[in-house]
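Written below as structure tokens is the structure these notes are about.
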């Protein structure tokens, strides 16, 4: 009798265990379904939020958006974001102790750090020391930029070298129009920002044509204004920074009084960084 009692108890225990396993299995399955449904809802919400962000950043809906928002939009809608730089000494980093200390090097690092989705940003530098606008055209450096298929072009107008090489103002204006026409024709969807070069110590010194550096800047600005191209007068903005920091121009130039040292490149970087984050007027 006792033997049968033990068997019955064992049977009951096994039944309880089986029922418990089945119960927990059902609970686990239910929890798994609920977890998957919750994950799907989160994923759908993230997708909707992403789509809403893309729509809010669309360039055609934001004619005055900062360049950083334009780059953010590009990063959300394509695999790569490409920025191409073209110009002369300032762009190549002349005067900086190393590439990472140039305005271009600092800008690249800053943009990557500013937005997680810009970590894969491609920064391509076509800065050529000693090049005038004529050299950029004859050396097919504009074609090299076009080959990059960039989303943003930062073009440093090579006016220091135009002045040094005594190119005429007419030739300088013609070169600027030629460069911009080619870029706009071949890259209709790219943004283009024109920069003036940096300030120099003897901006009023005349070349063999009797022209000074400031006259080259003024002549170019007239063409830029007429065509309504995006433009940043780096010279003036750097000078404003110097005034605010109570610094002299000599403090940021190398011994040749033309090219920027590390401190000068840093100030130029600050000017560009502020412009890129600025809402256009």
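Just so it is clear, none of the values below were taken in a lab; they were calculated from the coordinates. Every value quoted in this text rests on a predicted model; they were computed, and no experiment measured them. Every residue, glycine as well, gets a Cβ built from its backbone with ideal geometry; the counts of neighbours run over all protein chains shown.
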Within region 188-208, identify whether any single residue is surrounded by fewer than 22 Cβ atoms within 10 Å (Cβ to Cβ) and part of a helix (DSSP H, G or I), and answer yes or no. no
Any residue that is over 28 Å from residue 109 (Cβ atoms), in a loop (DSSP other than H, G, I, E, B) and free of Cβ contacts under 8 Å to residues at least 12 places away in the same chain - is there at least one of those in region 158-169? no
Scan region 122-151 residue by residue and report those that are more than 20 Å from residue 231 (Cβ to Cβ), under 21 Å from the mean Cα position of the chain (by Cα) and outside any helix (DSSP H, G or I). 122, 123, 124, 125, 128, 149
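Can you tell which of 233, 227, 261, 202 is touching a residue at least 40 places away in the same chain (Cβ under 8 Å) and closer than 18 Å to residue 88 by Cα? Outline the logic, then answer.
Details: 233 fails: touching a residue at least 40 places away in the same chain (Cβ under 8 Å); 227 fails: closer than 18 Å to residue 88 by Cα; 202 fails: closer than 18 Å to residue 88 by Cα.
Going through 233, 227, 261, 202 in turn, the sole match is 261.
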Which of the numbered conditions does residue 218 fail, given that it passes all the others? Conditions: (1) in contact with a helix residue (DSSP H, G or I) (Cβ under 8 Å, 6 or more places away or on another chain); (2) surrounded by fewer than 16 Cβ atoms within 10 Å (Cβ to Cβ); (3) without any contact (Cβ under 8 Å) to a residue 40 or more places away in the chain; (4) under 28 Å from residue 84 (Cα atoms). (1)
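Look at residue 95 and say whether it is surrounded by 15 or more Cβ atoms within 10 Å (Cβ to Cβ), touching a residue at least 12 places away in the same chain (Cβ under 8 Å), touching a strand residue (DSSP E or B) at 6+ places or on another chain (Cβ under 6 Å) and assigned to a loop (DSSP other than H, G, I, E, B). Explain how you work it out, then say what you get.
Values: surrounded by 15 or more Cβ atoms within 10 Å (Cβ to Cβ): yes; touching a residue at least 12 places away in the same chain (Cβ under 8 Å): yes; touching a strand residue (DSSP E or B) at 6+ places or on another chain (Cβ under 6 Å): yes; assigned to a loop (DSSP other than H, G, I, E, B): yes.
Considered against the rule, which asks whether it is surrounded by 15 or more Cβ atoms within 10 Å (Cβ to Cβ), touching a residue at least 12 places away in the same chain (Cβ under 8 Å), touching a strand residue (DSSP E or B) at 6+ places or on another chain (Cβ under 6 Å) and assigned to a loop (DSSP other than H, G, I, E, B), residue 95 comes out as yes.
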Please enumerate the residues belonging to region 48-78 that are loosely packed, with under 11 Cβ neighbours inside 10 Å and either in a helix (DSSP H, G or I) or touching a helix residue (DSSP H, G or I) at 6+ places or on another chain (Cβ under 8 Å) (or both). 48, 49, 52, 55, 60, 61
Only one residue in 179, 154 is touching a residue at least 40 places away in the same chain (Cβ under 8 Å), assigned to a helix (DSSP H, G or I) and either surrounded by 19 or more Cβ atoms within 10 Å (Cβ to Cβ) or under 20 Å from the mean Cα position of the chain (by Cα) (or both). Which one? 179
